[in-house]
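Report on the structure given below.
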Amino acid sequence: MSSDLTNSENSFDFLPLYGTDYVEFYVGNAKQAAHFYKTAFGFQSLAYAGPETGIMDRVSYVIRQNKITFVLTTPLKTNNAIADHIYKHGDGVKVLALMVNDASDAWKQTTQRGAKTFMEPVVLNDANGELVMSGIHTYGDTVHLFIERNNYSGVFMPGYKKWESDYNPSETGLLYVDHCVGNVGWNQMNPWVKFYEDVMGFKNILSFDDKDISTEYSALMSKVMSNGNGYVKFPINEPAEGKKKSQVEEFLDFYNGEGVQHVAIATHDIVHTVTELQNRGIDFLKVPETYYDTVLDRVGKIEEDLEPLKKLGILIDRDEEGYLLQIFSKPLEDRPTLFFEIIQRKGAKSFGKGNFKALFEALEREQEIRGNL
Ligand code: FE2
């Protein structure tokens, strides 16, 4: 593992980003998906777009919890880009939208450095002001949109109306998007690392090779890319040769290409959050109970009682700056593709390297049950 958590102070950030604006999923049935994310994760109804608001080809439900905004979009007809995306990939993440102060400049800065245009800057207006957006392509069919909403006070963006629902399950303590991980193809990690460096000004802050992340069977490599202020972090995974099929390869097979593998969401109380999620039907990967026999020898003293962590299957890791608690859901759709991570950071800025082996053995048990190992 190599580490360079200090970005050089003197380098000019040509693409200032202020966090994840929203994550948009293309799904087969947005109405049901919105219900699932509200019920299971405690997201709140925020906005709606569809024929009733003048959008004729699709429906989008916007849900929010603290600083996390999800958009769930479904096509109303065939023969369009959204329908094709779902046909090819199943339900998955299409858009990782990023907050900027100047969406036109973000588009200019990135495209002149080699990004492929997804959307030239457009200005959207309604009675609540003006919102500017633009976009570029990244790995697979995934895109980054740049969202400038400093002069917009509406509920989400022009074209959307407020979504008032009588069904409002309580929140579960999810706070913000900590990082979003992309799975890319064989030998594609370094080209995408270079893309994030050259085109978006990110830095590679951590690297894991197949010696760090290999179990008896499968392996992967990973590099963590971060923007200048650390608000946006995109680890990039690539499969590595092992005795059997890498979990990244299984993803690539079922997603039919590169795409977002997991979205990690932060909480300040992981025991509360995960208790709620499990009670609401979310399944998590479980490590063997023996993990907890030696974990404190590895990570040292922690503030939490071990017993609730063990009961819920929450993993613990430590780096030079502190420790973290984390857990990974099983895939959230029938294809073994997208899953969520729930993470509570207690000083640690890393990603749980010490848990990879135990975790990947748990993953492989699931992969084997699916017949894909
Ligand atoms: Fe993660």
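The values are calculated or read from the model by the stated rules, or taken from the named source; none is laboratory data. Owing to the predicted nature of the structure, the values given are computational and were not obtained by experimental measurement. Cβ: placed from backbone, ideal geometry, glycine included. Neighbour counts: every protein chain shown. Note: accessible area is taken over every heavy atom of the protein model, side chains too, but ligands, DNA and RNA are not part of it. Shrake-Rupley method; radii C 1.70, N 1.55, O 1.52, S 1.80 Å.
With R₀ fixed at 56 Å, the C-beta to C-beta distance from Val123 to Glu289 puts the FRET efficiency at about 0.50.
The aspartates and glutamates whose alpha-carbon is closer than 16 Å to the alpha-carbon of Lys286, local same-chain residues fewer than 8 away aside, are Glu307, Asp317, Glu341, Glu361, Glu364, Glu366, Glu368. Structure note, pairs Lys88/Lys245; Lys88/Lys161; Lys194/Lys330: Cα-Cα distances above 28 angstrom occur for Lys88/Lys161; Lys194/Lys330.
Is the C-alpha gyration tensor of segment 137-230 telling us rounded, prolate or oblate? Criteria: a/c under 1.5 is rounded; beyond that, a/b larger than b/c is prolate, otherwise oblate. Prolate, since a/c reaches 1.5 and a/b exceeds b/c. Lysines within cross-link reach of Lys162: Cα-Cα under 21 Å, excluding same-chain residues under 8 positions apart? Counting by Cα, and skipping residues close in sequence, Lys162 has these lysines nearby: Lys31, Lys38, Lys67. At a probe radius of 1.4 angstrom, the accessible area of the chain per residue rounds to 43 square angstrom. Which whole-number percent of Cα pairs in segment 174-370 have a distance greater than 31 Å? Of the Cα pairs, 13 percent sit more than 31 Å apart.
Surface composition of the chain: carbon plus sulfur atoms contribute 49% of the solvent-accessible area (1.4 Å probe, protein chains only, all chains present).
With a ≥ b ≥ c the root eigenvalues of the C-alpha gyration tensor of segment 16-135, is it rounded (a/c under 1.5), prolate (a/b larger than b/c) or oblate? The shape class here is prolate. For the chain, the 222 nm mean residue ellipticity estimated from helices alone, with every DSSP H stretch of n ≥ 4 adding -39500 (n - 2.57) and the total spread over all residues, rounds to -7000 deg cm²/dmol.
Taking amide H as placed 1.01 Å from N in the peptide plane, Ile265 has its amide H under 5 Å from the amide H of Asp178, Glu341, Ile342, Ile343, each at least 5 places away in sequence or on another chain.
Length gained on full extension, His137 to Ser153: 3.0 nm, using 0.36 nm per residue less the C-alpha separation. Highest average first, the peptides 162-169, 133-140 ordered by how many other beta carbon atoms sit within 10 Å of their residues are 133-140, 162-169. The simple spin-label model puts a point 7 Å past each Cα toward its Cβ; for Arg298 and Arg365 those points are separated by 1.5 nm.
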